Amino acid sequence: MALIVQKYGGTSVGSPERIRNVAQRLLEAQREDNDVVAVISAMAGVTDNLIKLARETSPQPTDREFDVLLSTGERAATALVAMAVNALGGRAISLTGAEAGVLTDRIHTKAKIANINPRLIEELLGDGYIVVVAGFQGQTPEGETTTLGRGGSDLSAIALAGALGADACQIFTDVDGVFSCDPRIVPEAMKMEEIAYDELLEMAGAGSKVMQSRAVEFAKKFGVPFEVRSSFKSAPGTVAKEEAANMEDVVIRGISVERKQAKVTLDDVPDTPGAASRIFSAIATANILVDVIVQSASDRNTTDISFTIHQDDLARAEELLTPVVQQIGASRVSSHGGMAKLSVVGIGMRSHSGVAARLFECLGEGAINIELISTSEIKITVVIAEKDAERAAQLTHETFGLARSGVAQGPVR
Ligand code: ADP
Ligand code: ASP
Ligand code: MG
């Protein structure tokens with residue numbers, strides 16, 4: 001008998017009918033002689049609504065109460081899935097993250113999993129239950145509820161699969177697998193049969209929300225292979241695994257787009273040790289994530305420093321940087337919202353040259369201005385205007401020959 005972990009995302013449990021579909025799939029997996037653990041997300045839109053509700057109720061809810069509130073979305077969906085299995089004549093039981101043994105650190109709203117004690121899950125599997133676990137949540141050593149960051153049910157599934165030594169981990173979602181670009185942006189995008197952890201990690205980190213990047217990081221670290229596939233079809237999806245020998249033959253595997261970015265620039269920063277540290281320490285005090293950082297060549301002992309942050313953090317960043325500009329003797333800080341990041345990703349980039357030139361040429365021909373550029377070993381990111389993002393993704397997708405030849409099938413909504 002094999003042990004299988006199946007994770008179902010928000011759209012897949014978005015209505016009673018879809019929940020019944022999930023219940024049927026779980027029973028099918030059990031009938032195929034598997035022990036079955038399901039990890040469930042909140043029904044589509046529920047987490048967003050809870051966040052909205054919190055903000056309407058209190059200007060600054062504490063992170064602790066935020067977590068208690070958000071965790072309820074997954075708890076509700078989990079109970080509904082268990083009810084649906086039971087209504088079909090099966091035996092299922094729902095568990096909160098805490099009951100499932102997910103222990104985290106104390107960082108509310110983006111907790112890290114410290115340890116998983118799957119004893120209760122194993123006992124219940126032994127008794128023949130389908131065990132339905134609430135994703136996205138755990139508890140601190142003191143028993144406080146925590147959540148694992150947006151998209152965190154992916155992490156719950158991967159971590160549970162690792163802790164249970166599962167034979168398979170399947171991430172069921174509303175698209176057929178991992179595509180060469182978000183199929184909602186590029187309808188011709190191609191589904192991949194397999195992808196290296198590193199590529200998916202870069203894509204997820206660059207805005208492809210098909211998998212939470214922390215979940216991919218965890219899978220890579222602990223060697224948990226998984227498959228991303230559709231909960232509405234029976235076709236195989238995309239297998240994420242350690243890099244295989246021929247994977248480098250493909251130069252560009254995928255394109256990611258991240259919207260709602262802002263570019264911040266400090267002009268005439270004195271070219272002295274410690275200036276950059278003052279700038280980024282100020283930003284770090286507010287836990288604002290900084291991405292693409294570019295410093296211009298020193299001109300008359302001053303440089304310009306630009307970087308990107310999420311647009312929602314812009315007001316706070318400006319507030320924090322205004323005094324720093326004076327303290328370090330820079331001339332001014334300026335910022336622009338309405339930006340996007342476009343990234344091309346592929347492990348083949350390590351052994352093939354000319355990718356940057358092709359990317360810049362294609363954007364140039366499309367009259368799309370590049371504001372900032374950053375690179376890693378297997379990724380090139382450009383910052384462009386958000387209004388150009390969709391067109392840039394389509395042009396880039398075509399330039400690198402990523403389109404499939406068959407008829408495009410849109411994602412499920
Ligand atoms: P779930 O609720 O199942 O976790 P998500 O909404 O978090 O689903 O992730 C699935 C979505 O990710 C898809 O609907 C798709 O629009 C988006 N997406 C972004 N980039 C990609 C990509 N490269 N391949 C597939 N889907 C992608
Ligand atoms: N419900 C949570 C979210 O919307 C976690 C998840 O769906 O994975 O972010
Ligand atoms: Mg998700």
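Listed by chain and number, the lysines placed with their C-alpha closer than 17 angstrom to that of K110 are K209; residues fewer than eight positions away on the same chain are left out. Taking each residue as 0.36 nm, the span from N287 to A315 lengthens on full extension beyond its C-alpha to C-alpha distance by 8.7 nm.
Helices assigned as whole DSSP H runs in the chain whose Cα atoms extend at least 27 Å along their own long axis and whose mean Kyte-Doolittle hydropathy is -1.0 or higher are found at 63-87. For the chain, a crude dipole built from +1 on the beta carbon of Lys and Arg and -1 on the beta carbon of Asp and Glu, taken about the Cα centre, is about 620 debye to the nearest 20.
Using the scaling law 2.2 N^0.38 Å as the reference, what is the normalised Cα Rg of the range 111-189? Provide the component values of the computation, followed by the final result.
Values: Rg = 15.8 Å, N = 79, 2.2 N^0.38 = 11.6 Å.
Its radius of gyration relative to the 2.2 N^0.38 Å reference: 1.36.
A dipole drawn for the range 175-267 from +1 and -1 charges on Cβ atoms has a positive end, and of Q261, A219, A240 the residue lying farthest that way is Q261.
Classify the range 126-277 as rounded, prolate or oblate, taking a ≥ b ≥ c as the square roots of the eigenvalues of its Cα gyration tensor: rounded when a/c is under 1.5, otherwise prolate if a/b is larger than b/c and oblate if not. Judged from the Cα gyration tensor, the range 126-277 comes out oblate (a/c at least 1.5, b/c at or above a/b). Neighbours of M247 by Cβ distance under 9 Å: Lys/Arg scored +1, Asp/Glu scored -1, total -4. When the chain is described by a simple charge dipole with +1 on each Lys and Arg Cβ and -1 on each Asp and Glu Cβ, the residue from S277, L3, G97 located farthest towards its positive end is G97.
Each of A79, V178, S153 was placed along the dipole of the chain (beta-carbon charges, centred on the mean Cα), and the one lying farthest toward the positive end is A79. What base-10 log of the normalised intensity I(q)/I(0) is obtained for the range 275-350 from the Debye formula, alpha carbons as equal point scatterers, at q = 0.21, 0.22 Å⁻¹? Treating every Cα as an identical point scatterer, log10 I(q)/I(0) equals -1.01, -1.08.
If you place +1 on the Cβ of every Lys and Arg and -1 on the Cβ of every Asp and Glu, how big does the dipole about the Cα centre of the range 1-126 come out, in debye to the nearest 20?
Taking the Cα centre of the range 1-126 as origin, the dipole is about 200 debye.
With Cα atoms as the point set, the chain shows a radius of gyration and Dmax of 22.8, 77 Å. Here the label points at S334 and T375, each 7 Å from Cα along the C-beta direction, are separated by 2.8 nm in the simple model. Each Lys and Arg adds +1 at its Cβ and each Asp and Glu adds -1 at its Cβ; summed about the Cα centre, the range 122-217 shows a dipole of about 340 debye. Loop-resident GluC sites (Glu not before Pro) (DSSP state other than H, G, I, E or B) in the range 1-87 with no more than 11 further Cβ atoms inside 10 Å of their Cβ: E32. The Cα atoms of the range 72-139 cover 40, 25, 10 Å along the three principal axes, with the biggest extent listed first.
The mean sequence separation of alpha-carbon pairs under 8 Å and at least six residues apart, normalised by the residue count of the chain, gives a relative contact order of 14 percent.
For the peptides 301-311, 359-369, 250-260, what is the packing order when you average, over each peptide's residues, the other Cβ atoms within 10 Å and list the highest mean first? Numbers along the way, then the final one.
Values: 301-311: 18.9, 359-369: 15.2, 250-260: 22.4.
The peptides rank, most packed first, as 250-260, 301-311, 359-369.
For the range 106-147, GluC sites (Glu not before Pro) are listed when DSSP marks them as loop and at most 14 other Cβ atoms sit within 10 Å of their Cβ; the list is E142.
Taking square-rooted eigenvalues a ≥ b ≥ c of the alpha carbon gyration tensor, is the range 12-116 rounded, prolate or oblate, where a/c under 1.5 means rounded and, failing that, a/b exceeding b/c means prolate?
Values: a/c = 3.24, a/b = 1.64, b/c = 1.98.
The shape class here is oblate.
Here I293, I130 are placed in order of increasing Cβ neighbour count within 10 Å, fewest first, which gives I293, I130. Put in order of Cβ neighbour count within 10 Å, fewest first, the listed residues M211, M1 become M1, M211.
Note on K241: lysines with a C-alpha under 17 Å away, same-chain residues under 8 apart excluded, are K191, K220, K221. Extension gain for K260-E365 works out to 35.4 nm (0.36 nm per residue, less the C-alpha to C-alpha distance). Computed extension length for K209-Q326: 38.3 nm, one decimal, from 0.36 nm per residue of separation with the Cα-Cα distance subtracted. By the helix-only formula, in which each DSSP H run with n ≥ 4 contributes -39500 (n - 2.57) and the sum is divided by residues, the chain has a 222 nm mean residue ellipticity of -10500 deg cm²/dmol.
Just so you know, all these numbers are worked out from the coordinates, no wet-lab data involved. Because the structure is predicted, anything quoted here is derived from the model rather than measured. Ideal geometry is used to build each Cβ from the backbone, glycine not excepted, and the neighbour counts take in all protein chains shown.
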